[in-house]
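Just below is one structure, and these are the notes that go with it.
Just so you know, all these numbers are worked out from the coordinates, no wet-lab data involved. Fair warning: this is a prediction, and the values are worked out from it, not measured in the lab. Cβ sites come from the backbone with ideal geometry, for glycine too, and all protein chains shown count toward neighbours.
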């Protein structure tokens, strides 16, 4: 009597299953590539010439807090004072770095390791990537995605476009995004007519726009905006804004 063994299963019936698994793995790889590599490149290329209709931060704010206010205006319609103010306050090396300020990152790591107050070291390019495509939650995944998107933005956009996008999407107050909404909401004027002091106040509130106010500044905003105002003179003198105003 012959004994049939079940240990050998290389039969024709298993080949279609293996083929389906291979096709599924290939589809997953293609979708992963599209979602993580190709789609971000495509969006960055599109937003180089087309104003983003919204951002992930705006969408999240609208869902959690209510309708947001934002209106895109070209860089020429934004006061140079505000450009100089955000460079003075947020990113003094904006025109000279390629997306990352390594000195600021090292200093922040040293301070944090020494137990000092946590501080950020994000450039305007990094903040543009984060505000446009990502959430504000601090996770290692988000930081990795932010780094990749920052490289793309720096590689595919001129500095003028980075600054223009940043000033149109960053939050300057509760549910108030972009320079135009900030100028109108805080000072009753267009972004083109912001004075140096008004611009300094707007730049000062950026680290915590839901707490600080530019129109009715408290002690911190009053004190820090004076520092930013003084640094704006350094930006002009040292042409730290040269890549924006060519």
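By how many nm would the segment from residue 46 to residue 156 grow when fully extended, if each residue of separation counts as 0.36 nm and the alpha-carbon distance is taken off?
Additional length available on full extension: 38.6 nm.
Could you work out how much longer the chain between residue 77 and residue 197 gets when fully extended? Use 0.36 nm per residue separation minus the Cα distance between them, nm to one decimal. Walk me through the numbers before you get to the answer.
Working: separation 120, 0.36 × 120 = 43.20 nm, distance 1.78 nm.
So the extension gain works out to 41.4 nm.
Using only alpha carbon positions, build the gyration tensor of region 143-246, then give the equivalent ellipsoid semi-axes as the square roots of 5 times its eigenvalues, largest first, whole angstrom.
Each semi-axis is √(5λ); the values are 24, 18, 14 Å.
Based on the mean of other Cβ atoms within 10 Å per residue, sort peptides 175-187, 234-246 so the most packed one is first.
Ranking, from highest mean packing down: 175-187, 234-246.
Among 58, 163, what is the fewest-to-most ranking by other Cβ atoms within 10 Å?
The fewest-first ordering by Cβ neighbours comes to 58, 163.
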